[in-house]
Structures are given as structure tokens and as C-alpha cells.
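Just below is one structure, and these are the notes that go with it.
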Amino acid sequence: MTVEKLNIPRIDGTRDDILQSMAELRRRLSPQGNVVSEAGRRLTVEVFGRPLSPIQVVERICGDVQQYRLDAVLDYCKRIDKVELTAETVRVPEEELDKAHAEADRELLESVRRVQGRIRNFQQAILHSDVRLDRHDGYLVQRYRPLDRVGICVPGGAAAYPSTVLMTAVPAQVAGVKQIAVVAPPTRFGAYNRDVLATCRELGITEVYRLGGAQAVAALAYGVEGIPQVDKIVGPGNLFVALAKKLVYGEVDIDSIAGPSEVVVIVDASTKPAYTASDLIAQAEHSPGASVLIGWDAAALDATVAELERQLSVLERGELARQSLEEFGAVILARDAEEACRLANLIAPEHLHIATEDADHLAEKIHHAGAIFLGNYTPVALGDYAAGPSHVLPTSGTARFASGLSANDFLRTSSILHFTKNGMMNLAPDVQVLATKEGLTAHRASVEVRMKVEGGKMKAE
């Protein structure tokens, strides 16, 4: 067996060198919207007559859908996806969902049920509930209510993703969302895929549309004939989906603007190189997918790289993963565990796997990560498929301020205030002072009109 050398970038210079390299890596991984493949460029010219940037493509599609509604959606399906749909065929019939479920692999459905249960258990445990603060003169409430209607994007370009249906729909159902609309591209991996349709049917989802790309996002955001507008759009997708979600934000809510999948693995001398290599390859096979290895033991890093080379030479998707590792990967030699954690926080990765002897201790030093996996026996794949937290996580460094999707993201909150006369009187002086300072005299008057002077003192009417 020939083992080909892996040309993965090695970063072991000064701290400034490491920071500069990490900043460049983060820049390349962020969804800038100005990079497109040669095939994508050719398709853009074919559809629009000139080589538009992805941002310009999305602006054109969303604008047309907003103006021409379903006609534009179906037209872009024909021109981009090469599929002719009508108002009658764009939605997957319930009979087709039933048929997919009846013919589905029993083993798949059993796994779906088990995973659904784990997701439900976890999401119910973290679900927000109403909070009431009683006072002697009134009460305050923070109230949570589910969104009415949610749209879920399920990818379907290179592979089928029933797991995405689970990781998005089940948290929404736990939150109490009644209407869930799923969009998936009109491909054999999308809305024509038996496993995806069977999973939807197993979860009780009957509203599924054969739509992908920016036109699907626009249809959900603006509403078109036969597809009512949603309140929020969640789920992963390609660059065009991410840019479309960014564009329609404000018209509807979104979960995030996702970039390529990414993992950072922190290792020490106790870490098993074979395990680490498989974790790095697992993210790299998304292609693009970023895999960053950090450690302070040079021998441990060298052993992992050697294992990477060995595994890549025998894996079915090895060449695809190799390209990602060489283009978006890195091996970083840190000074010590403290610096390894500082670098991980700087990268703020979607997935952080701490596979060290004292993983729990190091996890306390991490403030920026979408999901954290500890120890040799917690591969990221457990979170991707089966554990309970959603696998929809912040990418491209946005874990500095963003969080992974959960049932709480499908709730909206409002406050309820109720005061007695005495309660109003107790707060009135502060209202008077602040309203006067801000020059909002009508605000002050709205309190004072409810009061009167008796014996030189303000009292409630």
C-alpha cells in the first residue's frame, strides 16, 4: 500500500505567526459570498447571461420571487435545477410521504425513533418556561410562546440528510411549533429521497416542498401561492442558501448564516492518533470542511499526521477529504495547554473536540465553541447524529456570539406587567425623573394624570 504524503499546513512559529495564520484561515472559511466554482460560474452565465457574484445571484432571485412569487420560484427551479414543477407538483403529496414511510428500511425508522427520543429528552430539559415575580404591589411575568410557523431547509446536493430533519424539526416540535414546512432540492438526495421523506412522515411532517437554493428560502420568507410565509427559517445549505437567509433576515428570523463545517481537535500524548485522524477526516469529507489539530506535544502531532496519511490512502472518500485538509486544515504546535485553549477560543469553532487526559479541566477554559466533545470516546459524529443537542451550530468564528440551535430558538418571549395603584405610586418618582431628563413630558404626564395632590403629596386617583 502506497501512503501519499499529506501537505497539510504546519504552524509552529511565534505567537504572532500563529495568530496571523488563524486569522487568514477564519477569513477563508467565512461565507464572504464572492467565491464561486467554475461550474457555478458557467451556470450563472447560462441562467443570467453574465457572470454574477453569488451575492448578486441571490439578490436577483429573491427580488424576482418577491415580485413574481410562485412563477419566479418555478422558473428558477427549471433554469437552475433543470426540473419542471407546477403549482400542483411542487408540494410532495401525502400519499408519497406515506409510501416512502411504508417502504423505508425498518432499521432506519427504528434509529429515527430512538434519536427522536434522545433529542426530545434533551430539548425538553432545557426548554424555557414562564417566570413570574410577585411583588406586594403587583407582578411581573416573562412569558414564552412558540412561533406559529417555521421553515426548515434540508440539503440534497451531494448526499441525503434525514439527520437534518431530526435535528431541526424535533426541537421545533418540543417548543410547540404547530406548522413546519420542509424544503429540499428536487433531487434524488432531496425531496425525491425515500429516507428523507420517510423521516418527515415519521415525525408527523406532511408539508414538504421540492425546492432548494435561494428560491426556496425566498418562497418561505415572502410567501407565495400555496406556500404561506413562515416566521423563521432554519437549517443548513450551500453558499446561496446562506446568503439568501442573510438577505431575508428581518422579513423573517433565521438561525444563522452558515459557512463550511469545521472541527478543532486538541490532543496530548494520551490521545489515540487513529481516533483523532478519523475525527479530522470526518469533517474534511464535507468538502469544504475545516479540520484543525492543536497540541503541545510534537510527537503526538506527528503521529496523528502519519495516521491521517494512512487512513486517507484507504478511505472511499479519502481524496475528497485530502483536498479539504490541504486547503482548509492546519496542524498547530502550541507552547502548552493554556495556549492551545487560547487558540481554540480565538478560532471559535463549530465543533471542538478536547481529546486529552484532562479534557474536563480544559473545557472550563473554553468560552467560544458551538459544541464541545470531551475524551477519546466522544467523536463529533455522536453529536451529528444521535446524542440530543442539535447539530445546527455556529460556524466561521460566530461561536463568539452565537449558539447552537435549540428548542428555545423557536420561542418568542414577551413581558407582562401588572401594578396596583400603590405599585404605580412607588415607581412614579423614577418615571418622573427619567422622563423629565429625556424631555419626554407626555411620558411623565401619563403617570401624573393618574395621581392628584392631597396635602402637598401626590396620591393615586
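Quick notes
- Annotation: amide H-H contacts under 5 Å for Phe373 (H modelled 1.01 Å from N, sequence separation of 5 or more, or interchain): Leu352, His353, Ile354.
- With R₀ set to 45 Å, the beta-carbon distance separating Glu448 from Glu251 gives a calculated FRET efficiency near 0.65.
- Extension gain, Thr441 to Gln124: 0.36 nm times the residue separation minus the Cα-Cα distance gives 109.5 nm.
- Pairwise FRET efficiency - Glu326 versus Ala306, Cβ, R0 = 25 Å, nearest 0.05: 0.95
- FRET efficiency, 1/(1 + (r/R0)^6) with R0 35 Å, evaluated for Leu382 and Val131 via beta carbons: 0.60
- Only helices enter this figure: runs of n ≥ 4 DSSP H residues, each worth -39500 (n - 2.57), summed and divided by the residues of the chain, yield -14000 deg cm²/dmol at 222 nm to the nearest 500.
- Viscosity 1.567 mPa s, 4 °C: Kirkwood-radius Stokes-Einstein D of region 38-81 over Cα pairs, µm²/s: 122 µm²/s
- Here the dipole of the chain is about 1560 debye; that uses its Cα centre as origin and unit charges on the Cβ of Lys and Arg (positive) and Asp and Glu (negative).
- Given their separation in residues at 0.36 nm each and the Cα-Cα distance between them, Lys99 and Val45 gain 15.5 nm when the chain is fully extended.
- For region 375-458, convex hull volume per residue from C-alpha positions, Å³: 216 Å³
- Estimated at 0.36 nm per residue, the fully extended path between Ser415 and Ile55 surpasses their Cα-Cα distance by 125.8 nm.
- Each of the peptides 383-392, 105-114, 50-59 was scored by the mean count of other Cβ atoms within 10 Å over its residues; in descending order, highest first, they stand as 383-392, 50-59, 105-114.
- When restricted to Cα atoms, the chain yields an Rg and a Dmax of 26.2, 100 Å, respectively.
- Global form of region 296-400, assessed from the alpha-carbon gyration tensor, a/c cut-off 1.5: oblate
- Members of Lys178/Lys365; Lys246/Lys437; Lys99/Lys178; Lys82/Lys245; Lys232/Lys365 lying beyond 28 Å, as alpha-carbon distances in this model show: Lys178/Lys365; Lys246/Lys437; Lys232/Lys365
- Nearby aspartates and glutamates by direct alpha-carbon distance to Lys452 (threshold 16 angstrom, same-chain neighbours under 8 apart not counted): Glu461
- Positive dipole terminus of the chain, leading residue within Ala306, Gln142, Pro51 (C-beta point charges): Gln142
- Spin-label model distance (nm) - Gln66 vs Ser278, 7 Å beyond Cα toward Cβ: 4.9 nm
Each value in this text was obtained by applying a stated rule to the coordinates, not by laboratory testing. Note that the structure is a prediction, hence the values are computed from the model and not measured. Backbone-built Cβ (ideal geometry, glycine too); neighbour counts: all protein chains shown.
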